[in-house]
Amino acid sequence: YLNYTRHEPIGVVGQIIPWNFPLLMAAWKLGAALATGCTIVLKPAEQTPLSLLYTAQLLKEAGFPNGVVNVVPGFGEGAGEAIVNHPD
């Protein structure tokens, strides 16, 4: 067995956030991705999109560079499928 740690970002992270506890689930996923230096594409649940849209606004006001955290609201058949099937 071989175990190793890569100290470099792996790229863009696509995160689909469920409707139950959207802020908790987003914070859990955002923290790990940002700590590793990755950019993020978030897709909130159709039932709770406002919580993540407001979170993205707060991140922008806090000074995060454009493009680090992106929110793609929409239905799972459209927005979620596009994130899951994207080659990168």
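Each reported figure results from applying straightforward, stated rules to the coordinates on display, with no laboratory input. Being a predicted model, the structure only gives us computed values, none of them experimental. Neighbour counts run over all protein chains shown; Cβ positions are idealised from the backbone, glycine included.
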> For K60, K43, what's the fewest-to-most ordering of other Cβ within 10 Å of each Cβ?
Replying inline: K60, K43
> Once amide H atoms are built 1.01 Å from N in the peptide plane, which residues 5 or more positions from V71, or in another chain, come under 5 Å H to H?
Replying inline: L42
> With each label point set 7 Å from Cα along the Cα-Cβ vector, what nm distance links L24 and F75?
Replying inline: 2.9
> When only DSSP loop residues count, what chymotrypsin sites (Phe, Trp or Tyr not before Pro) in the chain have their Cβ near at most 13 other Cβ atoms within 10 Å?
Replying inline: Y1, Y4, W19, F75
> Roughly what percent of Cα-Cα pairs across region 12-85 reach past 18 Å?
Replying inline: 33
